[in-house]
Amino acid sequence: MELYFCPDYTRRCLDWAESHHCVHVMRHKIGDLIEVFDGKGSSWEAKIEKIENHQVFVSLLREIKEDSPSKKPLLVLIQSVLKNKAMHWLLQKVTEIGVDRIIPVISKRSLSAVEEGQQLKEKKWNEILIAAAKQSHRRKLPELFKISLLADALKEGFPSSLKLVAFLGKEARSLKEVMQCYSSRNVSSVVILIGPEGDFTGEEKNMVLNQGFIPVSLGNQVLRSETAALFLASVMNYELKL
């Protein structure tokens with residue numbers, strides 16, 4: 001069954017965009033069965049009862065229970081804001097692979113990427129997360145934080161976390177070497193920090209290292225910021241069996 005986003009089950013209806021996709025793209029009719037999810041981990045098998053004023057109304061038939069996932073570390077991405085096309089691609093891909101929390105930050109070299117109003121930008125980002133979750137049949141959306149300054153995001157501290165920052169400098173350690181020291185049993189979360197195109201400034205690098213982040217190399221090639229984020233998140237999925 002196709003998945004449709006319904007954040008409030010009490011309304012028993014899809015919003016205009018989801019209704020349009022359901023009726024005019026997927027060609028569903030009254031009586032068809034679909035699956036609705038609230039983005040918080042819950043989903044239901046539902047039946048289309050009526051289509052009225054360009055909206056689909058449903059009845060909930062049964063809650064869809066998934067096998068209880070094993071306890072795993074939280075996967076957190078702190079990402080310097082990129083220009084629209086790159087940021088949109090990255091949000092889609094990290095949603096598909098299972099990143100739990102996305103914290104967009106402004107660093108000195110990412111200021112030019114913040115081209116439009118924050119509210120408009122975050123609205124578009126949420127739409128991308130929902131579309132990616134539907135495509136990958138992910139029933140719990142990543143938690144998307146509001147855009148903040150890098151220094152403010154780092155104040156979170158992230159206790160009991162494995163904190164990694166992609167580095168280009170000589171301080172960077174082998175990712176393989178770092179991972180040999182950790183397992184999913186001794187960390188509550190894995191925090192990945194990725195800088196903007198052009199990397200962090202020297203001052204920002206010192207601030208990050210002072211917060212306990214381990215600088216890691218992602219290989220001999222210089223990766224684009226969005227590529228580095230996806231690569232490191234994928235490696236954490238594999239290494240810690242997230």
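The values are calculated or read from the model by the stated rules, or taken from the named source; none is laboratory data. Values in this document were obtained by computation on a predicted structure and should not be read as measured data. Here the Cβ is made from the backbone with ideal geometry for all residues, glycine too, and neighbour counts use every protein chain on show. In case anyone asks, the SASA skips ligands and DNA or RNA and just uses the protein heavy atoms, side chains included. Shrake-Rupley method; radii C 1.70, N 1.55, O 1.52, S 1.80 Å.
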Aspartates and glutamates with Cα under 19 Å of Lys176, excluding same-chain neighbours fewer than 8 positions away: Glu239
Solvent-accessible area per residue, Å², over the chain with all protein chains present [probe radius 1.4 Å]: 54 Å²
Among His20, Met179, Gly169 the positive-end extreme of the charge dipole of the chain (Cβ point charges): Met179
Angle in degrees between helix 225-239 and the longest Cα principal axis of the chain, rounded to the nearest 10: 80 degrees
Cα gyration tensor shape for segment 100-242, rounded if a/c is under 1.5, else prolate or oblate: oblate
Pairwise centroid distance, computed over Cα atoms, of segment 89-167 with segment 174-204, Å: 16 Å
Solvent-accessible surface ranking, highest first, for Met236, Met1, Met207 at 1.4 angstrom: Met1, Met207, Met236
Bridge type composition, segment 1-154 - antiparallel percent by DSSP, nearest 5: 55 percent
Whole-percent carbon and sulfur share, accessible surface of segment 135-203, 1.4 Å: 50 percent
Average Cα contact separation per residue, the chain, under 8 Å, 6 or more apart, as relative contact order %: 21 percent
Solvent accessible area, Å² - Asp152, 1.4 Å probe, full protein context: 70 Å²
In Å², nearest 10: area of Lys47 left accessible to a 1.4 Å probe: 80 Å²
Aspartates and glutamates whose Cα lies under 19 Å from that of Lys108, excluding same-chain neighbours fewer than 8 positions away: Glu116, Asp152, Glu197, Asp199, Glu203, Glu204, Glu226
Helix axis angle, 118-136 relative to the chain longest principal axis, alpha carbon, degrees: 70 degrees
For the chain, the Rg and Dmax computed from alpha carbons only, in angstrom: 20.1, 63
Pairwise centroid distance, computed over Cα atoms, of segment 22-62 with segment 215-236, Å: 39 Å
Ellipticity estimate at 222 nm from DSSP helix runs (n ≥ 4, -39,500 (n - 2.57)) divided over the chain, nearest 500: -9000 deg cm²/dmol
Partner lysines for Lys140 [C-alpha distance under 19 Å; skip if fewer than 8 residues away on the same chain]: Lys40, Lys65, Lys71, Lys72, Lys93, Lys123, Lys124, Lys241
Percent accessible area from carbon and sulfur atoms, segment 14-89, protein chains only, probe 1.4 Å: 54 percent
